[in-house]
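Since the structure comes first, as C-alpha cells, the remarks are kept for the end.
Just so it is clear, none of the values below were taken in a lab; they were calculated from the coordinates. Predicted model only: the values in this text are computed from it and were never measured. Positions of Cβ are generated from backbone atoms using ideal geometry, with glycine treated the same way; all protein chains shown enter the neighbour counts.
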Ligand code: GLN
C-alpha cells in the first residue's frame, strides 16, 4: 500500500511550521507499514503532477509569498487542483492556503488576488493597523460528514486544538464551516465559524501544527486517501497517542476548558 502526499509550495508556504502536518501524515502511515511518497508541488512542477497525488497538504504563508503562489496557481494547475478536490481527494489547507481556495484574498497592502473559487468564501485583511488574530484556538468539528465520522472513531465529539496567527478575515457563503469556535478568533473573530469543509478538504486557521495536535484528523485523512485510491474500506491500526493526549489535556487545562477534557 502506498500514498502520495502532494505538498503545495513547500518553500513559499512553510512560514508557520505546517510542515509538521506532512511529517505527521508520513510517520503515521509508515508506523502502519503504508509507504509514503512526498511530492513537492512547486512553480516548476507541471500541472499533470498535481493530478497524481492522493492527499494534498497546504500550509500558511506571509502575504507576499502567498501572492506569488496565487499567481502561479492559475490555468491548468488550478483546473487540476479544483477537479481533484471536487472529486473528493482529501486535503488539509491551513491559513494562507484556504485563502487561496476561496474567491479572493485582499491583502493589507496591494490589490485583491483572485483565488481558485473552489470554496464559496472570501478573505480580507482589514489593513496594516488592524490587530492580527493570534492565539490558541479550540473548536468543535461540526461539518458533516467529517463530524459524525470522527465522533464514531472517537466515541465523542471531536474537539480540535490549534494556534492561529492571521491578519486576513474569512467570510463564508455557501460552504460549511469546519467547526464552531470555543476559544479564539476562528475565521473572522465575529461569527464563531472555524474553517471550512468541502468534499474531503479541510480548511482551517489552526496551525500548531494541526495534525500532530489532533492525530485523529490525520487518521481520517489517511483513511480517506486509502479508500479513494484502493476503492475499499480500511481500518487503521491504532497507534500510541498518549503523548498527544497529554499535550491536549495540558492545553485545555491552561485555557480553562477542562470541561472538555473527556473529549480529548
Ligand atoms: N496571509 C495570511 C494572513 O495573514 C496568512 C497567514 C498565515 O498563513 N498564517 O491572513
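Things to note:
- For the chain, modelled as a GNM whose springs connect Cα atoms under 10 angstrom apart, the maximal fluctuation among 204, 42, 170 occurs at 42.
- Percent of Cα-Cα distances greater than 19 Å, calculated over the range 37-148: 50 percent
- Summarised as an ellipsoid, the range 1-87 has semi-axes of 22, 17, 9 Å, derived from the eigenvalues of the Cα gyration tensor scaled by 5 and square-rooted, with the largest first.
- Over the chain: Rg over Rh, Cα atoms, Kirkwood Rh: 0.94
- Cα-only Debye scattering, the range 59-209: base-10 log of I(q)/I(0) at q = 0.08, 0.14 Å⁻¹: -0.20, -0.63
- Its alpha carbons considered, the range 143-235 gives a radius of gyration followed by a Dmax of 13.7, 42 Å.
- Per-residue [θ]222 nm for the chain (sum of -39500 (n - 2.57) over DSSP H runs n ≥ 4, rounded to 500): -9500 deg cm²/dmol
- When the Cα atoms of the range 161-204 are aligned to their principal axes, the ranges along those axes come out at 25, 21, 18 Å in descending order.
- GNM top mover of 164, 44, 35 - the chain, alpha-carbon springs below 10 Å: 44
- Residue of 110, 167, 102 that the Gaussian network model of the chain assigns the largest fluctuation, springs spanning Cα pairs under 10 Å: 110
- For the chain: relative contact order, % (alpha-carbon pairs under 8 angstrom, 6 or more apart): 19 percent
- Cα→Cβ-extended label distance, 7 Å offset, between residue 52 and residue 83, nm: 1.6 nm
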